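Report on the structure given below.
Any read-out appearing in this document is the output of simple, stated calculations on the displayed coordinates, not a laboratory observation. Just so you know, these numbers come straight off a predicted model, no measurement behind them. Cβ coordinates were reconstructed from backbone atoms using ideal geometry, including for glycine residues, and neighbour counts include every protein chain displayed.
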Amino acid sequence: MSRSTGSRDNGQVSLWFVIVTALFVTSLLTANVVAVKLVRIFGAVLPAGVIVFPISYIVGDVLTEVYGYSRARQVIWLGFFCNALSVLAIWCGQVLPPADFWKGQEAYEQILGYTPRLLAASFAAYLLGEFANSFVLAKMKLLTSGKWLWTRTIGSTLVGQGLDSLVFITLAFAGNIPVAALVGVTVTQWVAKSAYEAVATPFTYLAVGFLKNREGRDPFDYETDFNPLALSR
């Protein structure tokens, strides 16, 4: 197993990397669709997306740990543009005139429609949260010399999910609901998503161990440019 000093590689993309990337993007897109429904879990009201959205953070941890920050950065941007394309397609479907016999326009707009404010909040929260999650994990890997994976996965999620929840709830609902309610919803989402990550830690260990063994790599980001806009390796 290699212990490279950076997250650079030879540019080749393995089947496993493609599978992990597909899982990341799918969990992100699915979460955005189902998030419109509010559910009650253990007395807390949460968007249904909480069921699948944390998977994107778990997969993001795997990407950074196994493939390095630069590869994770590419996947984060890929997820962003795939999400933007999905939103554009949904909006086009909404504005196209419905067939005379089709009665689902109102339901379509209610379930799949997005307001510009919610879209801006969602995109900003996603980018800030995912990049923070990947950055913290990569830096903690250096500080721990690759030991104690659980501290990195949980620690990075606490930061990433915290920023994601704070940015989204604030940008989406500030001025429309009381400050106390904003704080309550933010903390509830943060705790729920972070607890999800903690419970999934054994599965993260299994995935990381399996992929490191199959890929023969264990990158350390000593020389990596952590600028989110630097798309080159």
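In terms of overall dimensions, the C-alpha atoms belonging to the stretch 129-192 reach 46, 18, 12 Å along their principal axes, ordered largest to smallest.
With a cap of 15 neighbouring Cβ atoms within 10 Å, and only residues DSSP puts in a loop, list the trypsin sites (Lys or Arg not before Pro) found in the stretch 53-142.
Values: sites: Arg71, Arg73, Lys103, Arg117, Lys139, Lys141; in loops: Lys103.
The qualifying sites are Lys103.
Each Cα pair under 8 Å and six or more residues apart adds its separation to the average, and for the chain the resulting relative contact order is 33 percent.
Length gained on full extension, Ile90 to Leu171: 27.0 nm, using 0.36 nm per residue less the C-alpha separation.
Computed from Cα atoms, the angle from the helix 201-215 axis to the main principal axis of the chain rounds to 60 degrees. What is the diffusion coefficient of the stretch 117-233 in µm²/s, taking the Kirkwood radius over Cα pairs and the Stokes-Einstein relation at 20 °C with a viscosity of 1.002 mPa s? Answer, rounded: 136 µm²/s. Put in order of Cβ neighbour count within 10 Å, fewest first, the listed residues Trp150, Trp77 become Trp150, Trp77. Each principal axis of the chain carries a Cα extent, and these read 60, 40, 29 Å when sorted largest first. Distance from a point 7 Å along Cα→Cβ of Thr115 to each backbone N in the stretch 173-187: keep the residues under 14 Å and list them by number. Hits in the stretch 173-187 for Thr115 at 14 Å: 173-178.
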